[in-house]
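The values are calculated or read from the model by the stated rules, or taken from the named source; none is laboratory data. Only a predicted model underlies this, so the values are computations on that prediction, with no experimental measurement involved.
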Amino acid sequence: MVGFTTHRPAQAVPGDEKFVTLLVQEHGASLIAYATHLTGDRHAAEDIVQETLTRAWQRSDTLTNGKGSVRGWLLTVVRNIVIDQARARAARPREVAAAPSDPATSDDHADDVATSITLLALLDTLGEDHRQVLIELYYRGKSVAEAAEALDVPVGTVKSRAFYALRLLRQRLQEPRPEAGPA
């Protein structure tokens with residue numbers, strides 16, 4: 001805008017919306033082009049130009065004092081904002097996306113609770129010998145040798161009881177269960 005560099009324009013008062021509108025009309029395309037060139041991103045360039053115009057509005061009295069080039073000041077502000085953003089990105093650690101192997105969190109544990117209740121109920125249907133072997137192996141996390149020692153039975157007996165107990169639990173899990181009727 002020719003009037004900005006030599007004198008205060010009569011149609012725009014510093015700090016007025018019309019001041020910014022005149023800046024956009026005269027320099028907007030240049031600012032967008034320059035910011036897009038610097039960033040390579042049109043959306044980022046638009047944000048930078050918006051920030052530049054905000055700063056121009058805040059310092060409108062400086063831009064209308066007749067000293068220096070308005071376009072030069074605006075382009076310098078665009079460049080400074082781009083540099084500031086690049087420095088800010090470099091100063092903070094990079095964001096790391098969650099690894100795809102991370103399991104999704106689940107807020108509803110109802111299925112797990114229902115399965116636990118079902119297994120506990122089925123565990124009670126086993127004979128004492130079979131139940132004790134499963135408790136030692138799976139609940140207490142013992143090895144076959146440790147379970148054999150704790151139960152005072154041979155290792156082969158622990159393996160056999162575990163095999164038959166698990167087979168029986170699988171069979172009972174697959175049996176149809178009666179549906180709960182209305183309460």
Inset, instruction - Could you list all residues from region 38-92 that are at pLDDT below 85 and among the aliphatic types (A, V, I, L, M)? - result: 63, 90, 91
Inset, instruction - Please go through region 37-66 and pick out each residue that is assigned to a helix (DSSP H, G or I) and charged (D, E, K, R). - result: 42, 46, 47, 51, 55, 61
